[in-house]
Amino acid sequence: MLHLALLPFLLGPPRAAAEERARLVVVLSVDQMPAELLERFAPMFEGGFARLLREGAVFASCAHDHAFTETGPGHAALLAGRHPGTVGIVENQWFDGARGELVYCVGDPSAKGVPSGAGFSPANLLGDGFGDWMKRSDPLSRVVSISGKDRAAVLMGGKKPDGAYWASEGGFTTSTYYRPELPAWLAAWNARRPWESYSGKVWEGRLADELLRRMRVGADNQAGERLLGTRLFPHRVPTLGATWAAAVLPFTPYFDALTLEVAREAISGEGLGEDSHPDLLCVGLSASDYVGHACGSGSRESAEQFRELDGMLGAFLAFLDEKAGKGRVLLALGSDHGALDLPERLVEKGIAAKRYTYAGRDDLGVAEAKKRIAASLGPGEWIAYHDYRSIYLDRATCAAKGVSPEKAAEEVAKAFRPLEWVAAAYTRADLLAAEPKDPFVPLFLHSFHRDRSGDVLLRHAENALLWPLPTGTSHGGPYLYDRAVPLLFAGPGIAPGRRAEPVHALDLAPTLAGALGVTIPEGVEGKSRFAEIRAAPSGGR
């Protein structure tokens, strides 16, 4: 006969312990958030960021491990726990030589926009995401992904979410890959046209000069920056027309305000966090990327954007507590990439940096490189496409001339290496060699997919900005300023505190899986850090 004393061990944890599990998992991805901003801007945080820093486990040394640090690859890595090359999202777009056309990372010709416009889907994502792991563990879990950017919403949502929504002309939309029509809650929100309230709104700079100096923020009027037609606060939103999402509001904090409004509507409309089956909400906050591109991370505009976002997140976290219950929300904070600050600002600080502005495909010495290729291999169009980082050979020319792609790639690499802005040019053979040529090779290999990547991959010189505009800045390289991002977890079972050990952005999804007891699929390249940040059981040892 079974001894009664053994029943608690066989039946599982007591009800009170079970109720401590998260009802709702929320992943916040702040687009273009260099890791150092979380600490540098800490003196001004009073809202959501302050709460996360106070209540969360903060990994102070986290980075992406791939070379092409863009929005698509970054969000794929965060929620799939695999390198972008593994899941095929090598860049925001890549060249398909067989079809002779560019492929957008979430493009899908079979999907249509709902209610109209272009359709997007995760068709190009090779593998699944954290939301899919959750649904396999508990089919009654619901997964919703929302972002200002379509590629962020799609790639965070995984293969089979219950919904993915992003900003477009006329409101937030989805595609027929997910559903034939908008859910009632989103259709009603769009019908109210809440973005119109920002037409003509003035974005005031509110941070005091002394606080800006403490946060190492430069003067408001700086060379290389320009936002909504001016370098100076206040910035006025022009009259909004039909193209509000694509042209104006992304460059203001109000873009994130609208995204968080839609997130609130989704929580209520989809009933997220209302029962014992944990749900997932991914929220991509995109305004910091647009502001960062325009003015750089050292600008007053960037600081003011994060001040506004801090307040919005404070209100949003309070809303989460109200809807799912205090202590029942498991939170993760990450970012898809960092960024290079304005070269002009870096030069003022004594850092060797340079802006390279191009207008076409043959600028910045590319025309001369093509002449060197022709001198070596013979006349012809040897390059089918390049984006100043990935070079795709014209395979038809190689075949017609009787030159192997391997030989052609090596000559192309030789021709590009002398260019001032090129630090290294890697062929496929270089990436797959047993002995890497330099420590950056593994990063490029993590961005590499044999069917989607270029034949020659270029590493730009450090602090070199290749950009088609005379103002602004960007990201996309293998240096730490582009790869270092925040990683933070908060909620039930998480012990607050700052941790110094190096971790990877790939660890976000496996760590959430560890916290929920969700099985991590084979092939996942990230590592669960839950054991390191797990809180000691209350009342136990």
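Suppose we filter segment 406-425 for residues that are of a type outside the set (D, E, K, R) and assigned to a helix (DSSP H, G or I); how many remain?
6
Quick check on segment 428-445. Is at least one of its residues free of Cβ contacts under 8 Å to residues at least 60 places away in the same chain, assigned to a strand (DSSP E or B) and over 29 Å from the mean Cα position of the chain (by Cα)? Walk me through how you get there before you give the answer.
Here is the first cut: in segment 428-445, the ones free of Cβ contacts under 8 Å to residues at least 60 places away in the same chain are 428-439, 441.
Still in the list and also assigned to a strand (DSSP E or B): none.
No, there is no match, as no residue in segment 428-445 is free of Cβ contacts under 8 Å to residues at least 60 places away in the same chain, assigned to a strand (DSSP E or B) and over 29 Å from the mean Cα position of the chain (by Cα).
Take the conditions assigned to a helix (DSSP H, G or I), under 26 Å from the mean Cα position of the chain (by Cα) and at pLDDT 95 or above and apply them to residue 188. Does it pass?
Considered against the rule, which asks whether it is assigned to a helix (DSSP H, G or I), under 26 Å from the mean Cα position of the chain (by Cα) and at pLDDT 95 or above, residue 188 comes out as no.
Let me confirm something: among 409, 425, which residue is within 25 Å of residue 105 (Cα to Cα), buried (at least 19 other Cβ atoms within 10 Å of the Cβ) and touching an Asp or Glu at 6+ places or on another chain (Cβ under 6 Å)?
409
Go through segment 110-139 and report how many residues are of a type outside the set (A, V, I, L, M), open to solvent by 20 Å² or more (accessible area, probe 1.4 Å) and either modelled with pLDDT under 95 or touching a Lys or Arg at 6+ places or on another chain (Cβ under 9 Å) (or both).
8
Take segment 353-369 and flag every residue that is in a helix (DSSP H, G or I) and open to solvent by 70 Å² or more (accessible area, probe 1.4 Å).
Matches in segment 353-369: 368 only.
Answer yes or no: is there a residue in segment 288-295 that is among the aliphatic types (A, V, I, L, M), over 30 Å from residue 386 (Cβ atoms), within 17 Å of the chain's Cα centre (by Cα) and assigned to a helix (DSSP H, G or I).
no
Say we look at segment 168-197 and pick out the residues that are within 24 Å of residue 76 (Cα to Cα) and touching a Ser or Thr at 6+ places or on another chain (Cβ under 7 Å); which of these is least open to solvent (accessible area, probe 1.4 Å)? Lay out the reasoning, then the answer.
Of the residues in segment 168-197, the ones within 24 Å of residue 76 (Cα to Cα) are 168, 172-179.
Now restrict to residues that are touching a Ser or Thr at 6+ places or on another chain (Cβ under 7 Å): 175, 177.
Working: 175: 0, 177: 76 Å².
The residue in question is 175.
Name the helices (runs of 4 or more DSSP H) wholly within segment 1-46 that hold at least 3 residues that are at pLDDT 95 or above?
35-40
Determine whether segment 244-256 contains at least one residue that is surrounded by fewer than 18 Cβ atoms within 10 Å (Cβ to Cβ) and within 22 Å of the chain's Cα centre (by Cα).
There is at least one residue in segment 244-256 that is surrounded by fewer than 18 Cβ atoms within 10 Å (Cβ to Cβ) and within 22 Å of the chain's Cα centre (by Cα).
Could you check segment 446-458 and list, in sequence order, the residues that are open to solvent by 30 Å² or more (accessible area, probe 1.4 Å) and either free of Cβ contacts under 8 Å to residues at least 60 places away in the same chain or among the charged types (D, E, K, R) (or both)?
450, 451, 452
What is the residue count in segment 292-337 for residues that are within 19 Å of residue 485 (Cα to Cα) and either out of contact with any strand residue (DSSP E or B) (no Cβ under 7 Å at 6 or more places or on another chain) or modelled with pLDDT under 95 (or both)?
Residues in segment 292-337 being within 19 Å of residue 485 (Cα to Cα) and either out of contact with any strand residue (DSSP E or B) (no Cβ under 7 Å at 6 or more places or on another chain) or modelled with pLDDT under 95 (or both): 14 in total.
Inside segment 414-427, can you point out the residues that are more than 29 Å from the chain's Cα centre (by Cα) and of a type outside the set (Lys, Arg)?
Listed by number, the residues that qualify are 415, 416, 418, 419, 420.
Among the numbered criteria (1) touching a Gly at 6+ places or on another chain (Cβ under 6 Å); (2) touching a residue at least 60 places away in the same chain (Cβ under 8 Å); (3) open to solvent by less than 40 Å² (accessible area, probe 1.4 Å), which single criterion is violated by residue 66?
Every condition holds for residue 66 apart from (1).
Exactly one of (1) farther than 23 Å from residue 339 by Cα; (2) over 17 Å from the mean Cα position of the chain (by Cα); (3) not hydrophobic (A, V, I, L, M, F, W, C) is unmet by residue 40. Its number?
Exception for residue 40: condition (1).
Just the residues that are touching a helix residue (DSSP H, G or I) at 6+ places or on another chain (Cβ under 7 Å), assigned to a helix (DSSP H, G or I) and farther than 17 Å from residue 31 by Cα, please, taken from segment 298-352.
Across segment 298-352, the qualifying residues are 300, 314, 316, 317, 319, 323.
Looking at 205, 269, 224, which is the one that is under 25 Å from residue 282 (Cα atoms) and either surrounded by 13 or more Cβ atoms within 10 Å (Cβ to Cβ) or in contact (Cβ under 8 Å) with a residue 40 or more places away in the chain (or both)?
Selected residue: 269, the only one of 205, 269, 224 that is under 25 Å from residue 282 (Cα atoms) and either surrounded by 13 or more Cβ atoms within 10 Å (Cβ to Cβ) or in contact (Cβ under 8 Å) with a residue 40 or more places away in the chain (or both).
Exactly one condition in (1) at pLDDT below 95; (2) small (Gly, Ala, Ser); (3) not in a helix (DSSP H, G or I) is false for residue 273; which is it?
Failed condition: (1).
Hey, which of the helices (runs of 4 or more DSSP H) in segment 446-533, taking only ones fully inside, have at least 1 residues that are under 19 Å from residue 52 (Cα atoms) and at pLDDT 95 or above?
The helices (runs of 4 or more DSSP H) meeting that bar are 508-516, 530-533.
For residues in segment 370-391 being at positive phi and either part of a helix (DSSP H, G or I) or without any contact (Cβ under 8 Å) to a residue 40 or more places away in the chain (or both), which is surrounded by the most Cβ atoms within 10 Å (Cβ to Cβ)? Spell out the reasoning first.
Looking only at segment 370-391, we keep the residues that are at positive phi, and these are 378, 380, 388.
Now narrow it down to the ones that are either part of a helix (DSSP H, G or I) or without any contact (Cβ under 8 Å) to a residue 40 or more places away in the chain (or both): 378, 380.
Values: 378: 12, 380: 15.
Within segment 370-391, the match that is surrounded by the most Cβ atoms within 10 Å (Cβ to Cβ) is 380.
Does residue 113 satisfy the condition of being farther than 29 Å from residue 315 by Cβ, in a helix (DSSP H, G or I) and in contact (Cβ under 8 Å) with a residue 40 or more places away in the chain?
no
I'd like to know if segment 483-496 contains one or more residues that are among the charged types (D, E, K, R) and either surrounded by fewer than 15 Cβ atoms within 10 Å (Cβ to Cβ) or closer than 14 Å to residue 333 by Cβ (or both).
no
Can you name every residue in segment 140-149 that is buried (at least 21 other Cβ atoms within 10 Å of the Cβ) and under 20 Å from residue 270 (Cα atoms)?
141, 142, 143, 144, 145, 146, 147, 148
The values are calculated or read from the model by the stated rules, or taken from the named source; none is laboratory data. A quick note: this is a predicted structure, and the numbers were derived from the prediction, not measured. Here Cβ is always computed from backbone atoms with ideal geometry, including for glycine, and neighbour counts include all displayed protein chains. Accessible surface areas use protein heavy atoms only, side chains included; no ligands, DNA or RNA. Shrake-Rupley method; radii C 1.70, N 1.55, O 1.52, S 1.80 Å.
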